[in-house]
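For reference, the structure discussed in these notes is given below.
The values are calculated or read from the model by the stated rules, or taken from the named source; none is laboratory data. Please read all numbers here as calculations on a predicted model, not as lab measurements. As a convention, Cβ positions derive from the backbone with ideal geometry for all residues, glycine included, and neighbour counts pool all protein chains shown. These area figures cover heavy atoms from the full protein model, side chains too; ligands, DNA and RNA do not enter into them. Shrake-Rupley method; radii C 1.70, N 1.55, O 1.52, S 1.80 Å.
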Amino acid sequence: MAQDSIGLSSDYQFWMQKLSVWKQASTLETQQDICLYLPQFQEFLRQMYEALKEMDSNTVIERFPTIGQLLAKTCRNPFVLAYDESQKILIWCLCCLINKDPQNSGESQLNSWTRGLLSRILAAFRSDIKEVDLFTQGLGYAPADYYPGLLKNMVLSLVSELRENHLNGFNTQSRMAPERVRSLSRVCVPLVTLPDFEPLVEALLTYHGQEPQEMLWPEFFDAVNEAFLLRKICLPVSAVLCLWLRHLPSLEKAVLHLFEKLVSSERNCLRRIECFMKDSLLSFPLQPEAACHPAIFRVVDEMFRYALLETEGAPEVLAAMQVFTRCFVEALEKENQQPKFALKTYFPYASPSLVMVLLQRPKDIPQGLWHRPLKRISEMLKEIVEDETQGSSGGPFESWFLLAHFGGWADIAAEQLLTSVGDAEPPEALLWLLAFSSSPGDGPQQRAQTMVEVKAVLSHLGRLLGSPTPSARDLLAAAGESGEGDPRPPACQQLTRRLLLNFLLWAPGGRAMARDVITLMARTDEIMHEIVGFLDQTLYRWDHLGVDAPGSRKLARELLAELRGQA
């Protein structure tokens, strides 16, 4: 608490100096400085209120002898009063100075002075010129009716002027001067959260002149984007698109905000992540109009790339990227198979033919024919990854990153291998696809070794299917999960665990001992987290594909509920 008090005192002196400089807000430089510091000053006022509300008026004056000067200067600054919640917080601060039971003339004078400032704030946006009052009274309007109407008409007039200028095109004589448009955007910085100014904000965002340089103030874009992300302003999709296309830092900030929300949300619940993204205002990048725009798609996609690298493929980020990609695919379908831009525009490092195969939705293909696109995907990826002449395609990570967009194909490959275990030799194409998806950075030799390991696990599991009473430890041993000191690479261990979990869900013999196997397998919190993630992802994918497996679904749901209850 003492440290907070020292920090507040230091900030107090800083803002006292700032308010003295801002006293004459007539110059452009001063106005720019005010707009730059408005968010920080509002936060200072909020902290000041938190401190004042714990004191009586005498303690306030003793602790902050010049509090009256600070609040009076604030009341005289129209920029501060117009910004967001600053006026409301200022009123709270002034109310803390009022003594409900004044004991002497000094306290009574302080009450009177404070009420005067409160009256000034409440009348801040009303004119006190007698001629104006007489004029409005002569028209039959009370000031309370006239001034809101005047503000509304002024905003509508500016909106009409901007739209007319936009339609006039190259008619330079009737176009609004760029300097005036820029000035308007500067004036709107502290006003963007006021409902009366929303039409003007939208008109400015959608206005396009003929100048090669951006006309609007960068701080205007920042203020609008922040207000939008914090749900303090409502904008149509077209206006938000203009905001992000004209000011890419705003789009980047919106996506970073989304990542922060995802990381702080419940992990291993892809359905909640998808609902959060679609229901949130942050889902605007997922709107078909946005997802299908090459510039927005590329910026968001690049941010997903770096987020996956930084988080080492966190499931929350993967789920968000796949939801974004799904919206992109839906937008392409709405264009009646005639996209405005080539697929190379969206995936510049990928083979267009590979993208076309990945764009196929598994639920649109009969389940008995899933092996065909899987084989094609594996063959094309292998040709790109292992052919040194294809180095210009961006390397193994780019191929894996493309595959990760269309999540589900590798999981379907694992299920295809498990449902046919013991019947025939596992297809090499599916083995390669699993090995690559689990560890894309491996070289051909290491990947071939992973394929051998997977093949051996499938063979052991196939033999256990014929055993009348296989034990949980037999299943773990078949998957190489015999305990500590496993010499296999971590990615190979994780892949074999996923194969064993698939076996438990699909094989009749595995379901009976699923709980015992998982209890023995989950020897660390990390592996427990991995198992929960697998079960959640599997149920999520089955729902989207419409997989008809009631027994497996029921078991997966029960296991997931039990494991989450233990967490």
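Key figures
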item	result
Ordering of 12-19, 374-381 by packing [mean C-beta count within 10 Å, highest first]	374-381, 12-19
LEU465, LEU191, reordered so the largest accessible area comes first (probe 1.4 Å)	LEU465, LEU191
Two-site label geometry, LYS152 and LEU359: point separation in nm, points 7 Å out along Cα→Cβ	4.8
Prolate/oblate/rounded label for region 528-567 (Cα gyration tensor, a/c 1.5)	oblate
Protein-only accessible surface order, largest first, of THR66, THR74, THR30 at 1.4 Å	THR66, THR30, THR74
Most to least packed among 547-555, 88-96, 353-361 [average Cβ atoms within 10 Å]	88-96, 353-361, 547-555
Computed accessible area, GLU252, all protein chains, 1.4 angstrom probe, square angstrom	80
Modelled label reach - MET528, point 7 Å along Cα→Cβ, region 539-567 residues with backbone N closer than 17 Å	559-567
Local electrostatic count, LEU374, Cβ distance below 13 Å [Lys/Arg +1, Asp/Glu -1]	0
Length added when fully stretched, ALA561-LEU36, from 0.36 nm per residue minus Cα-Cα	184.0 nm
Rounded, prolate or oblate (a/c below 1.5 giving rounded, otherwise prolate when a/b exceeds b/c) for region 445-567 by Cα gyration tensor	rounded
Most positive-pole-ward Cα, SER459, PRO490, PRO444, against dipole of region 444-533 from beta carbon charges	SER459
Point-to-point label distance, SER108-LEU520, nm (Cα→Cβ direction, 7 Å offset)	8.9
Net charge dipole size for region 392-502 [Lys, Arg +1 and Asp, Glu -1 on Cβ; Debye, nearest 20]	100
Region 392-468 shape via C-alpha gyration tensor axes, a/c threshold 1.5	prolate
Cβ-defined net charge surrounding MET513, 13 Å radius [Lys, Arg +1; Asp, Glu -1]	+1
HIS405, HIS257, reordered so the largest accessible area comes first (probe 1.4 Å)	HIS257, HIS405
Sites ASP11 and GLU62 - FRET efficiency at Förster radius 25 Å, r taken between beta-carbons, to 0.05	0.85
Summed side-chain charge close to PHE221 - residues other than PHE221 whose Cβ falls under 11 Å, Lys, Arg +1, Asp, Glu -1	-2
With all protein chains modelled, accessible area of VAL189 [1.4 Å, Å²]	10
